Amino acid sequence: MIHLNIGSNLNSKFGTKFENISIGINLLINSKLKINKISSFYETPSYPNKKLPKYANIGLLAEYRFSHTELLAEIGLIEKKIGRTKSTKNSPRVCDIDIIDFNGLIKKNKLSILPHPRCHIRNFVLYPIKEIDPGWIHPIFKKNVDFLISQLSQNSRIEITRLRKSVIM
């Protein structure tokens, strides 16, 4: 299975951060990604500057019959379609799509690092995974999602909010 995470904290020409994420999902489906499960929306403060707009994130559990590099290329095109531009690290963005885990593949090259190198320390990645795939085990650390969540700081565990809002498809 493939885990993706989509986040946004800015409006775009398409609408709100929630609409950006929904559009991203629909564009992923059009690129031949088969989505099996979609998490709830989760909201977290911006990092490291908490004065910036809050992020909305969702997790996807999916299947893809092509390679991770082809999916990465599709993701880049989708992010651009929604309006993402090159910016500084941790700056606000209209759309950010990350491959968290691609069928357990462990890979590190100039284009990608799999699994995502910081997925095990990000609340906005772990909580959606727990919701849609509670048996997930990190391919490198061989630890399950509950263990990884237990290792987050207390602050990281309380500053995330599961929203009562669904993806529009």
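Scanning segment 1-51 for residues that are at pLDDT 95 or above, part of a loop (DSSP other than H, G, I, E, B) and touching a Pro at 6+ places or on another chain (Cβ under 8 Å), we see that the one that is nearest to Glu131 (Cα to Cα) is Ser39. Residues in segment 92-123 that are more than 20 Å from Phe147 (Cβ to Cβ), within 16 Å of the chain's Cα centre (by Cα) and part of a loop (DSSP other than H, G, I, E, B): Pro92, Arg93, Val94, Cys95, Asn103, Ser112.
Only one of (1) more than 20 Å from Met1 (Cβ to Cβ); (2) out of contact with any Lys or Arg (no Cβ under 8 Å at 6 or more places or on another chain); (3) aliphatic (A, V, I, L, M) is not met by Leu28, so which one is it? Only one criterion in (1) more than 20 Å from Met1 (Cβ to Cβ); (2) out of contact with any Lys or Arg (no Cβ under 8 Å at 6 or more places or on another chain); (3) aliphatic (A, V, I, L, M) is unmet by Leu28, namely (1). Does segment 80-89 contain any residue that is farther than 24 Å from Ile137 by Cα, among the polar types (S, T, N, Q), modelled with pLDDT under 95 and within 16 Å of the chain's Cα centre (by Cα)? Within segment 80-89, none of the residues are farther than 24 Å from Ile137 by Cα, among the polar types (S, T, N, Q), modelled with pLDDT under 95 and within 16 Å of the chain's Cα centre (by Cα). Would you confirm whether any residue within segment 133-142 is at pLDDT 95 or above and under 13 Å from the mean Cα position of the chain (by Cα)? No - not one qualifying residue is present in segment 133-142. Checking Ile99, Ile58 one by one, the residue that is within 20 Å of Tyr127 (Cβ to Cβ), touching a Phe, Trp or Tyr at 6+ places or on another chain (Cβ under 8 Å) and surrounded by 16 or more Cβ atoms within 10 Å (Cβ to Cβ) is Ile58 and no other. Phe66 passes every criterion in (1) at negative phi; (2) surrounded by 13 or more Cβ atoms within 10 Å (Cβ to Cβ); (3) modelled with pLDDT of 95 or more apart from (2). Among residues of segment 53-76 that are of a type in the set (Lys, Arg), those with a beta-carbon under 8 Å from a residue that is part of a strand (DSSP E or B) at least six positions away or on a different chain give the pairs Lys54/Glu43; Lys54/Thr44.
Buried (at least 20 other Cβ atoms within 10 Å of the Cβ) and either of a type outside the set (S, T, N, Q) or more than 17 Å from Ser40 (Cα to Cα) (or both): which single residue out of Ile106, Ile113, Ile82 fits that description?
Ile82
Count of segment 77-99 residues, restricted to those that are of a type in the set (S, T, N, Q) and touching a residue at least 40 places away in the same chain (Cβ under 8 Å), is 1.
The condition (being surrounded by 20 or more Cβ atoms within 10 Å (Cβ to Cβ) and of a type in the set (Gly, Ala, Ser)) is satisfied by just one residue among Ser39, Ser31: Ser39. Inside segment 124-147, residues that are touching a residue at least 12 places away in the same chain (Cβ under 8 Å), closer than 19 Å to Ile113 by Cα and not in a loop (DSSP other than H, G, I, E, B) make up a count of 4.
The values are calculated or read from the model by the stated rules, or taken from the named source; none is laboratory data. Keep in mind the model is a prediction, meaning the values are calculated, not measured. All Cβ positions, glycine included, derive from the backbone under ideal geometry; neighbour counts span all protein chains shown.
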